[in-house]
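Undergrad: Before I ask anything, here is the structure I am working with.
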Amino acid sequence: NHTKCALYSKGMSESFSADTPSFLSAQQRPTAAVRRIDDYWDTDDILSSDTKILCRFEMPVYRLGFLAAGSSDEHIAVGVKMELPQWMARVLCSRRRQIVSVELPKAYKDAYRDVIRADASVINLHKLGPYYYGSGIKMLEFNFSENEAIAKALLTAFLNRFRKIMDLSQNSLKADSSELMVKMDESEKKLFKLGRGGVTAFDMWITGRCFQLQTSSITRNMRKRKHPSDDNETD
């Protein structure tokens, strides 16, 4: 579990730098083998890409006016603002075409980056977004002038909070985990659970409980499903 924690944290750190190659030297850039790619089957990645972003339409879109809340127009006119999921905004705001322009969410703006630089541990990341890191990495896919600062803020927040998360996971086994994780985003919660699982496994090994024979879960389920009449037929 300690190895899993190390690999997970290493992967997170590389994700921030892999998506921001413009300001990294050739030596700092991760190799193609560790570059982050969207995982089709990863539910966290799917939910991260569903983060709503405020967009402004830069050209008219015909016969889709019903998508604009409170509008009775048949078409979406230039200048209309609408919240769209990140995956859709990325398609509509690309180098090939710019149907919409995208506004950076406030959770990644300078005011919050200042708080992160001061003390990242005090921020309630879950309140800013349950997938704060994942969504932040996806924001770097847009051509924001602040991309470098955003990437550095994400990395700073993760590194500064990592030690506290691991300390909590290994020194608060009797505490309610739901209360400890209330300020964590989903990736931090995974780290916390990995750390706590490692301590629990180590405690079982020290006390010898990991070598005790236990009934297979498959066998237990078979016993639960077994009907009393089966015993009578056997007799």
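The values are calculated or read from the model by the stated rules, or taken from the named source; none is laboratory data. Keep in mind the model is a prediction, meaning the values are calculated, not measured. Reconstructed Cβ throughout: ideal geometry from the backbone, glycine too, with neighbour counts over all protein chains shown. Accessible surface areas use protein heavy atoms only, side chains included; no ligands, DNA or RNA. Shrake-Rupley method; radii C 1.70, N 1.55, O 1.52, S 1.80 Å.
Undergrad: In the set ARG196, ARG161, ARG220, which member is open to solvent by 70 Å² or more (accessible area, probe 1.4 Å) and of a type outside the set (A, V, I, L, M, F, W, C)?
TA: Criteria check complete, one pass: ARG220.
Undergrad: Condition first: in contact (Cβ under 8 Å) with a residue 12 or more places away in the chain and in a helix (DSSP H, G or I). Now tell me which residues in segment 80-118 satisfy that.
TA: GLN86, TRP87, ALA89, ARG90, LEU92, ALA107, TYR108, ASP110, TYR112, ARG113, ILE116, ARG117
Undergrad: Considering only residues that are assigned to a helix (DSSP H, G or I) and β-branched (Val, Ile, Thr), which ones fall in segment 119-175?
TA: If the condition is that a residue be assigned to a helix (DSSP H, G or I) and β-branched (Val, Ile, Thr), then VAL122, ILE137, ILE150, THR156, ILE165 are the ones that fit.
Undergrad: Now a separate question. Can you tell me which residue within segment 92-146, out of those that are within 26 Å of ILE76 (Cβ to Cβ) and small (Gly, Ala, Ser), is surrounded by the most Cβ atoms within 10 Å (Cβ to Cβ)?
TA: In this case the residue turns out to be SER135.
Undergrad: From the list VAL102, VAL91, pick out the single residue that is under 28 Å from the mean Cα position of the chain (by Cα) and modelled with pLDDT of 95 or more.
TA: VAL102
Undergrad: Just the residues that are crowded, with 17+ Cβ neighbours inside 10 Å and part of a helix (DSSP H, G or I), please, taken from segment 176-187.
TA: Within segment 176-187, GLU186, SER187 meet the criteria.
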